[in-house]
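Since the structure comes first, as C-alpha cells, the remarks are kept for the end.
What follows is calculated from the coordinates using simple rules that are stated; it is not laboratory data. Quick caveat: nothing in here was measured; it's all calculated off a predicted structure. With ideal geometry, Cβ positions are generated from the backbone for all residues, glycine too; neighbour counts draw on all protein chains shown.
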Amino acid sequence: MNFGGNHLPIITTEIDFVCANQSPYNSRIGLDKLGKLMMHQCLTRIIFSLALLLTLVSVADASSIKNIDQFDLKQFYGKVVYLDFWASWCKPCRKSFPWMNDMVGRYPEQEFKIVTINLDRDPEAMHEFLARVPAQFDIYHDPAGTLAEKFQLQGMPTSYLIDKSGQVVSRHIGFQTRLIAEYEAEIEALLATQLLSI
C-alpha cells in the first residue's frame with residue numbers, strides 16, 4: 001500500500017510484511033489458536049496505523065483552515081478572486097474541488113486567488129470531507145454562516161467572481177462541469193483587465 005509522503009510508506013510496508021508472514025493460511029493446520037492470535041495482532045497493527053494516518057491528515061488539514069474572523073476581502077485587493085461557499089454534504093462540491101485545485105496552479109498567486117468558505121457546523125464533517133477531497137487553496141470556517149448571510153446564498157455551492165478592485169462581477173449557484181469553459185473565460189477576462197489607480 002502507498003499513501004504518499006516520506007513517512008507513511010514505512011507504516012504501510014510494515015503492515016504488509018506482518019500480515020504476509022503471520023497469515024494463518026500459510027500453514028496446513030488452518031486457522032488454529034496460534035493463527036487467530038497472529039491474525040489479531042496483524043489487525044491491531046493495521047487499525048493503529050490507520051488511526052495514525054487519519055490523525056496526520058487531520059493535523060495537516062486543521063493547520064490550513066482559518067477562522068472566519070480572519071477573513072478580509074481587502075487583503076486580496078489587486079487580485080482576481082474566486083470566492084466559493086461549500087459544505088461537506090454538498091455533492092457538486094466534490095466535482096468543483098479538483099477544478100479549483102487545477103486553477104490554483106494555472107495562474108500566479110499574485111494575480112489570482114481562490115478562497116473558499118466552509119459552512120459546516122461540525123468541524124469533523126469538514127475534516128472528513130477534506131480527507132477524501134483534498135484542497136490546495138485557502139479555507140475559512142464559517143459555522144455560524146455569518147459571511148454566507150451577508151452574501152445571501154441561495155444554493156450550494158455558490159461562487160462569486162471578484163475583480164481586482166474588490167467588486168463582485170458574477171455569481172454562480174451550483175457547479176456544472178459543462179460550464180467550466182464559461183467559468184474560465186470569465187476569469188481570463190478579468191485577469192486581462194488593468195486595475196485603475198485612484
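Near VAL168, within a Cβ-to-Cβ distance under 15 Å, what is the net charge of the other residues, with Lys and Arg +1 and Asp and Glu -1? The partial results should precede the final answer.
Numbers: positive: LYS74, LYS79, LYS113, LYS150, LYS164, ARG171; negative: ASP84, ASP163, GLU186.
Charge balance in the 15 Å sphere: +3.
Using θ = phi - 60° in the Karplus curve 6.51 cos²θ - 1.76 cosθ + 1.60, the 3J(HN,Hα) couplings for region 100-113 round to 5, 4, 5, 5, 4, x, 8, 10, x, 5, 6, 10, 9, 9 Hz; x is entered for Gly and Pro.
Simple spin-label estimate for THR177 and GLN136 gives 1.8 nm between the two label positions (7 Å along the Cα-to-Cβ direction from each Cα).
Cβ crowding within 10 Å ranks LYS79, LYS95 as LYS95, LYS79, fewest other Cβ atoms first. 3J(HN,Hα) along region 163-170: 7, 5, 8, x, 9, 6, 10, 7 Hz, from the Karplus curve 6.51 cos²θ - 1.76 cosθ + 1.60 with θ = phi - 60°, whole Hz, x for Gly and Pro.
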